[in-house]
Amino acid sequence: MIKRVPARAYVISVACAGKPIDSTSCRLSDVPSAIDFGTVAVGSKVTQSVQFTSTVAPASLLLLSITDDATESFSMQLPSTVLTSQPETAQVTFAPTTAGPLTGQFEVVNDCVDTPLLIPLTGMGVSQCNLSVSPMSLTFGAVPVRTESPPQTIACTNTGGEDCYFAIDTTATAPEYSVTGPNGAIPQDTLQSVAPDSGYVITVVFDPGDAGNIDSQFFFQVRANMDVCINPVSFPLTGAGS
């Protein structure tokens with residue numbers, strides 16, 4: 001399950017007396033003990049902010065640098081100077097390049113008594129779901145009235161590293177079309193799961209009751225996980241009774 005962590009703003013107050021900076025009086029406070037990004041899909045990214053504020057005038061924060069002791073999944077955009085009453089914001093980004101727990105630590109070197117400032121970083125990378133569906137429509141052609149057509153199938157294959165989920169909605173599908181799964185009827189709006197490197201087969205049969213064209217559809221909704229929905233896709237069905 002992929003949980004999105006909302007962006008948070010952390011405030012670091014910089015209190016310095018006079019200029020140039022006196023490192024014995026310049027102090028950083030309200031520093032977050034750690035930044036946790038939660039669970040993020042590989043290939044996605046989440047950004048959180050750290051705000052630097054000077055609370056004593058005149059004051060500046062000079063020679064601010066950073067040593068990235070984390071993995072390549074973490075990055076930071078850091079201001080070089082913070083002036084009095086002019087907050088500056090650093091952006092910390094977690095973009096996991098691999099699945100699993102990832103940790104790191106930023107070392108912010110400054111000329112305050114608190115140097116170096118250490119900010120531990122944690123996050124969990126998870127592989128994305130990648131569900132391919134083929135074909136994306138079915139054509140049955142002309143079928144004798146009151147005769148079932150040969151079944152046609154739709155293959156759903158998960159080539160990603162995480163379970164995929166989907167739901168089928170046939171409430172608006174013409175009754176001449178029967179849409180079933182491996183175990184028979186597919187419950188409406190109930191999530192079906194497909195494990196990594198696995199598949200799910202949907203079978204459709206056309207049984208026209210009258211002559212003439214009978215076009216219909218059902219809706220197919222893929223979910224990257226149990227919580228994140230993707231807009232449903234219309235799946236056209238065409239056929240004719242003869």
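Distance between the pseudo-spin-label points of Gln188 and Gln128 (7 Å out from Cα toward the beta carbon): 3.3 nm. Put a dot 7 Å past the Cα of Ala174, heading toward its Cβ, do the same for Arg146, and the two dots end up 1.9 nm apart.
For a test of the definition: using alpha carbon positions, the gyration tensor, and the 1.5 limit on a/c, classify the stretch 136-242 as rounded, prolate or oblate. Because a/c hits 1.5 or more and a/b exceeds b/c, the stretch 136-242 counts as prolate.
Here, each number is a calculation from the coordinates, and none is a lab measurement. Just so you know, these numbers come straight off a predicted model, no measurement behind them. Neighbour counts are summed over all protein chains in view; Cβ atoms, including those assigned to glycine, are modelled from backbone coordinates with ideal geometry.
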